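K.L.:
Here's a structure for you.
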Amino acid sequence: MQPVVAIVVAAGSGSRLGGEVPKALRELAGRPLVSHSLEHLAAGGVDRVVLVIAAGLAADFAPAIAGSPIPTSWVAGGAERQDSVLAGLAAIAADPELSGCRFVLVHDAARALVPPEVVDRVVQALVAGAVAAIPVVPVVDTIREVTPSGSATVDRSRLRVVQTPQGFRREVLVNGHRLVRESGLQVTDDAAVIEALGEPVTLVEGSREALKVTEPLDLLFAEAIVRSRP
Ligand code: C5P
């Protein structure tokens, strides 16, 4: 079987979380968020990682990379998340050990506690033939949409919250990112890139534990989740 490669994007500043260090290096239960991510991806079936970090921070990320349970290389990211994913895809294409891989996962380092079974579901959906597979969870809150005349309730039973890792046939993700770059489209995840190509996106069951650490409150939740695990 070909290696499953994950691009882990960690080049954001994390300004909504605050703190002195980039978000991916913020400590959760005594270890950086990114180390938790690498561990859970490995346990879920990922074989290799390309970690995308902010230019100039290689020394700061070196201990997390050295401690990764799977071979992990790094590359400098870009101004927007999609630039960082593109940098990861370019690094895969340039590495003879990775350039033959069929499947690529893209994971936000900030989703540090993604359960391995969610990663496995994404990989298995690709193995079963999906072009793109993404984990989702139902919406638990009631949602209102602001309209020109006021606001209106949205039928939440039709909505899903999108998580990572998102998995793709590599050539489709590459083509999608090329199209998005050429068209100037702004996207917040990679499933939207696939959608722009008109390709189908398969949904698999995610987990509330795969929360994206974005604000200080999320770190409190994440600490509680770590404590609750065996
Ligand atoms: O900003 P947001 O929370 O959507 O970022 C999601 C993920 O994308 C984070 O893990 C962040 O580090 C990464 N990112 C990146 N390069 C950027 C912006 C965000 O790798 N330029």
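K.L.:
Using a 1.4 angstrom probe, figure out how much accessible area region 46-202 has per residue, in square angstrom, rounded to the nearest whole.
P.N.:
Working: 7410 Å² over 157 residues.
Solvent-accessible surface per residue comes out at 47 Å².
K.L.:
Would you mind checking which residues have amide H under 5 Å from Val213's amide H? H placed 1.01 Å from N; only 5 or more apart, or other chain.
P.N.:
So Val213 has HN proximity to Arg111, Ala112.
K.L.:
If I build a Gaussian network model for the chain, linking alpha-carbon pairs within less than 10 angstrom, which residue out of Gln166, Gln186, Gln82 has the largest mean-square fluctuation?
P.N.:
Gln186
K.L.:
Suppose a student asked you for the relative contact order of the chain, using Cα pairs under 8 Å spaced at least 6 residues apart; what percent would you report?
P.N.:
Values: 446 pairs, mean separation 54.1, N = 230.
Relative contact order for the chain comes out at 24 percent.
K.L.:
Can I get the semi-axes of region 87-129's equivalent ellipsoid? Compute them from the C-alpha gyration tensor as square roots of 5 times the eigenvalues, in angstrom, largest first. Let's see the in-between values first.
P.N.:
Numbers: eigenvalues 92, 49, 9 Å².
One finds semi-axes of 21, 16, 7 Å for region 87-129.
K.L.:
Quick one: Karplus J couplings for region 99-110, per residue in order, coefficients 6.51, -1.76, 1.60, θ = phi - 60°, nearest Hz, x for Gly and Pro?
P.N.:
Couplings: 5, x, 5, 8, 10, 10, 9, 10, 10, 7, 3, 5 Hz.
K.L.:
Viscosity 0.692 mPa s, temperature 37 °C: Stokes-Einstein D of region 125-230 from its Kirkwood Cα radius, in µm² per second?
P.N.:
Values: Rh = 16.2 Å.
Reported coefficient: 203 µm²/s.
K.L.:
In a GNM of the chain with a 10 Å cut-off on Cα contacts, which of Thr164, Thr72, Thr147 has the highest mean-square fluctuation?
P.N.:
Thr147
K.L.:
Hey, another quick one. Given Cα pairs under 8 Å that are at least 6 residues apart, what percent is the relative contact order of region 126-206?
P.N.:
On the way: 116 pairs, mean separation 33.7, N = 81.
Computed over region 126-206, the figure is 42 percent.
K.L.:
What fraction of the DSSP beta bridges in region 4-228 is antiparallel, stated in percent and rounded to the nearest 5? Intermediate values should be presented prior to the final figure.
P.N.:
Numbers: 16 of 36 bridges.
If I count the DSSP bridges inside region 4-228, around 45 percent turn out antiparallel.
K.L.:
Turning to a different aspect of this structure: Please report, in cubic angstrom per residue, the volume enclosed by the convex hull of the alpha-carbon atoms of the chain.
P.N.:
On the way: hull volume 33.5 nm³, N = 230.
Each residue corresponds to 146 Å³ of Cα convex hull volume.
K.L.:
At a 1.4 Å probe radius, carbon and sulfur cover how many percent of the accessible area of region 18-75? Display every interim value, and only then the final one.
P.N.:
On the way: 1330 of 2390 Å².
Its accessible area is 56 percent carbon and sulfur atoms.
The values are calculated or read from the model by the stated rules, or taken from the named source; none is laboratory data. Everything numeric in this text was worked out from a predicted model, so none of it was measured. SASA here: full protein model, heavy atoms, side chains in, ligands and nucleic acids out. Shrake-Rupley method; radii C 1.70, N 1.55, O 1.52, S 1.80 Å.
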